[in-house]
Every structure is written in structure tokens, then in C-alpha cells.
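Reading through the C-alpha cells given below for one structure.
The numbers here are math on the coordinates, done by the rules we state, and not lab data. Here the structure is a predicted model, which is why all the values come from computation and not from measurement. Don't worry about glycine lacking a Cβ; one is built from the backbone with ideal geometry, like all the others, and counts go over all protein chains shown.
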Amino acid sequence: MVKFIIVRHGFSVFNKEHRFTGQIDIPLDEIGVAQAACNADYVLSHYKIDCIYSSDLCRAYNTVKPIADALGLPITTSEGLRELSIGEWEGALIAEIKQTQPEALAFYRSRKPEACTPGGETKQHLQDRLTGCMAEIAAQNDGKTVLIGSHGGAIRFLCCAWMGDSIEELDNVPTLGNASLTVVNYDPQTGKAEFELYGYTDHLGELATQK
């Protein structure tokens, strides 16, 4: 059994500007940095972390870095933990896409496994990528507590699969706040997951954001 402590990245510059982010390497803003520090205090006081993995994108990496620094642990980065690639829309203002490409936006926001943005990754590919990456990490760390730094959409699609829901049932899986914690006991032999926490943000207090 592996205990995963999965952290969504803190508030970022593009969250503030209401832009599509995808796999652009956008930093945390000042709120995100404060969330990362608050998150570290909570995780370090509640869990014994054995190893740390993160998306290679800096907003996820720098959210778990204060924990890594406090423990003197390296962070193993993986492109498999990245957010959904949204192709041509990365960096675009959400309001602008609503006005100029409403039909494409409706398709992207649908619950179809093949849904994607122009030039982007399908939702089915994202889910397969995440479940495969996490199964690989689990196989290498049986019996350990593993901290994971990732992204809101990525974590949500991963948890959707772990909960046994199809992509069409994604609305059953709540969206995640910035710097939220999801704690899962995962059996690498069976692929079954048992949730202790999902999207926990109470520890952030007034720093909590939902973007």
C-alpha cells in the first residue's frame, strides 16, 4: 500500500489573470507562495513523507519545494504529472475564447473522452497519462508515503478514474482549490484507491482560493 499526499499547485499568475494555462510554465504569485508555505506547515506536522514527486512545471514544483527543503529530500520531476495540454489556447484569456470560439469551448468543456482544444490533448489521454504515471510511482514506492505535486485538472481526472467513474461522470468529482490536499491509500497490486481526504483546504484559512 502507498499513501499518496497529492497537492494541487498554489495560486498562479494566470489564475489571477483568468487565462488558460495548460502546460505553459507559469509561476506562483504572492498568494501561491504563501499557500505553499502554509501547506508545508500542515503536511510536515501531520505526515511523515518518504519521497516527493512533482510535475516539472514550476507552479507545482514550487508548491511542494518548501516541504522538500524542510526534509532535505530531492524532488523527482515527471512530465506525466503535468496539467492537460490545451494547445493553441495556452495563455489565452478565457473571456476572449468565450467570445471568439464558443462552439470549440463548449466541446472542450463537454464530458466526452475525446474532448480537447485546438491542438490540445484529449481528456482520455490526460486520464490515461495520470493513472499510468501514478501506478508506476506506486510500484516503485510500496509501503511509503509519497508527496505528489500536480495540477487541478490532472488530479481531478486521476481521482475520477480511481473512484470508478467514467469521464462522462466527471461532474461527480468536485473541482479542487489551489494548494488543496488529497490523501489516498493506493494498492499497487490491485490499482484500488481509498480516499482519506479530497480537496482539503481548511488548513489554508483566509489564503484559500478556488481558481
FRET efficiency for Gln124 and Glu30 from the Cβ-Cβ distance with R0 = 41 Å, rounded to 0.05, comes out at 0.70
Helix-only [θ] at 222 nm, the chain, -39500 (n - 2.57) per DSSP H run of 4+, per residue, nearest 500, equals -11500 deg cm²/dmol
Taking a straight Cα-to-Cα line shorter than 16 Å from Lys16, and setting aside same-chain lysines fewer than 8 residues away, one finds Lys211
Correct semi-axes for region 23-154, from √(5λ) of the alpha-carbon gyration tensor and rounded to whole Å with the largest first, are 31, 19, 11
With a Förster distance of 30 angstrom and the Cβ-Cβ distance between Val13 and Lys48, calculated FRET efficiency to the nearest 0.05 equals 0.35
For Lys65, the lysines lying under 16 Å Cα to Cα, once residues fewer than eight places off in the same chain are dropped, come out as Lys48
Note, Val173: beta-carbon cut-off 10 Å, +1 each Lys/Arg, -1 each Asp/Glu, net -2
Taking a straight Cα-to-Cα line shorter than 17 Å from Lys112, and setting aside same-chain aspartates and glutamates fewer than 8 residues away, one finds Glu103, Glu121, Asp128, Asp165, Glu168, Glu169, Asp171
Percent relative contact order for region 77-211, counting Cα pairs under 8 Å at least six residues apart, stands at 21
If the chain between Gln189 and Phe107 were fully extended at 0.36 nm per residue, the gain over the current Cα-Cα distance would be 25.9 nm
Here region 136-145 yields Karplus 3J(HN,Hα) values (6.51, -1.76, 1.60; θ = phi - 60°; whole Hz; Gly and Pro given as x) of 5, 4, 4, 4, 8, 9, 4, x, 10, 9
